[in-house]
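Accompanying notes for the structure given below.
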Amino acid sequence: MVQGEKKMSEFKRPDGRKNDELRPIEAKVGIIPNADGSAMYRSGDTVAIAAVYGPKKMHPQHQQDPSKGKLRCTYNMLSFSVSDRIRPGLNRRSTEIGKITEWALDPVLDLSKFPNMVVDVHIHITQADAGTRCAGINAASMALAQAGLPMKDLVTSVAMGKLDRTIVVDLTKEEEDWEEGEGPTDIPLSMTKDGKITHLQLDGKISPSQLKEAIDLSRKACAEVYEIQKKALKEAIEKNE
Ligand code: CDP
């Protein structure tokens, strides 16, 4: 028997999910009446809310782009989102995730008709159990759509992972801290409905063939999430009719 084979057959996720099984998902659009668009996305114990304001005049002025409008995303994990209180305010991690969220969403958004303007997306994580950037991107994507901004598609995001040698979808924090064998690899990624990847990060080690396996598996997961996002948007539209 090749070393590792036994482990693979004995592999069990801590919460008993199948390798390709997402956590329970909940999505709601229109949760913040004052915003131009808003949404909530929950994956298990991870909850993100997003609020969109704009397009509005870009301030500070030196950041204005006369050729198009800009997307500006801020990401914030609330103090009470994990059991160890998080220090409020921006930090390196939140600044990076805000930028990544912009890169994930920018390819589907057409702000060419809004020169010198900005679309602000505020993402807050109310509960965190890993996959918060993905939950934030899913919520932001729905909120932008509700705001009626010109979009080619929704963006759907999921955190893929490799635990020891097994590829799984939608890691929990417990899984992100996996200590057995090769340990954990975290691969959050985002894509459009037709499978164009707009964002992919990789924290850990993985072979090219297993990365391909992870991306292939993520397409099925993203298709499931996409249907939930679409349903939440439809429900919000029907409620307003
Ligand atoms: O949340 P995401 O997986 O996108 O990003 P991460 O930086 O890999 O963080 C993974 C998880 O670690 C978060 O979802 C939280 O559950 C936890 N975390 C924490 O407890 N305290 C922090 N300051 C940052 C993250």
> Which one of GLY161, TYR41, THR198 is farthest out on the positive end of the charge dipole of the chain, using unit charges on Cβ (Lys, Arg +1; Asp, Glu -1) and the Cα centre as origin?
Replying inline: THR198
> For the stretch 108-168, with equal point scatterers placed on the C-alpha atoms only and solvent neglected, what are the log10 I(q)/I(0) values from the Debye formula at q = 0.15, 0.17, 0.25, 0.29 1/Å, to two decimals?
Replying inline: -0.59, -0.69, -1.08, -1.24
> For the pair SER209 and ASP20, how long in nm is the line joining their label points, each one 7 Å along Cα→Cβ?
Replying inline: 1.9
> Expressed as an acute angle from 0 to 90° and rounded to the nearest 10, what is the orientation of the C-alpha long axis of helix 208-240 relative to the principal long axis of the chain?
Replying inline: 40
> Taking 0.36 nm per intervening residue step and subtracting the Cα-Cα distance, what contour gain separates LEU78 from TRP103 on full extension?
Replying inline: 6.7 nm
> Roughly how many Å² is the accessible area per residue of the stretch 12-240, as a whole number, for a 1.4 Å probe?
Replying inline: 50
> How large is the helix-only mean residue ellipticity at 222 nm for the chain, computed as the sum of -39500 (n - 2.57) over DSSP H runs with n ≥ 4, divided by its residue count, in deg cm²/dmol to the nearest 500?
Replying inline: -9500 deg cm²/dmol
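Calculate how large, on average over all directions, the projected area of the Cα convex hull of the stretch 101-143 is; give the answer in nm² to one decimal.
On the way: hull surface 13.6 nm².
Taking a quarter of the hull surface, the average projection is 3.4 nm².
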> If THR126, THR172 are ordered by their accessible area, calculated over protein heavy atoms with a 1.4 Å probe, which sequence runs from highest to lowest?
Replying inline: THR126, THR172
> Could the peptides 23-35, 107-119 be put in order, highest first, of the mean number of other beta-carbon atoms found within 10 Å of their residues?
Replying inline: 107-119, 23-35
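With +1 assigned to the C-beta of every Lys and Arg and -1 to the C-beta of every Asp and Glu, and no other charges, what is the dipole magnitude of the chain about the Cα centre in debye, to the nearest 20?
Values: 35 positive and 36 negative charges, 148 e Å.
For this selection, approximately 720 debye.
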> Count the lysine pairs in the stretch 1-100 that are 8 or more places apart or on different chains: how many have C-alpha atoms under 25 angstrom apart?
Replying inline: 12
> Picking from ALA51, ALA139, ALA147, which is most flexible by a Gaussian network model of the chain using Cα springs under 10 Å?
Replying inline: ALA147
> Roughly how many Å² of GLU174 are accessible to a 1.4 Å probe, to the nearest 10?
Replying inline: 120
> What base-10 log of the normalised intensity I(q)/I(0) is obtained for the chain from the Debye formula, alpha carbons as equal point scatterers, at q = 0.08, 0.09, 0.16 Å⁻¹?
Replying inline: -0.31, -0.39, -1.12
>> For the pair ARG165/ASP45, report the inter-label distance in nm, with labels modelled 7 Å from Cα in the Cβ direction.
In response: 3.0
> Hey, with R₀ at 25 Å, roughly what FRET efficiency would THR95 and GLN64 work out to, going by the Cβ-Cβ distance, to 0.05?
Replying inline: 0.75
> Angle, helix 92-105 long axis vs. longest principal axis of the chain, Cα atoms, 0 to 90°, nearest 10?
Replying inline: 80
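The values are calculated or read from the model by the stated rules, or taken from the named source; none is laboratory data. Just so it is clear, the structure is predicted and the values come from calculations on it, not from any experiment. All Cβ positions, even for glycine, are placed from backbone atoms using ideal geometry, and neighbour counts span all protein chains on display. The protein model used for the area step is the full one, side chains on, heavy atoms only, and it has no ligands, DNA or RNA in it. Shrake-Rupley method; radii C 1.70, N 1.55, O 1.52, S 1.80 Å.
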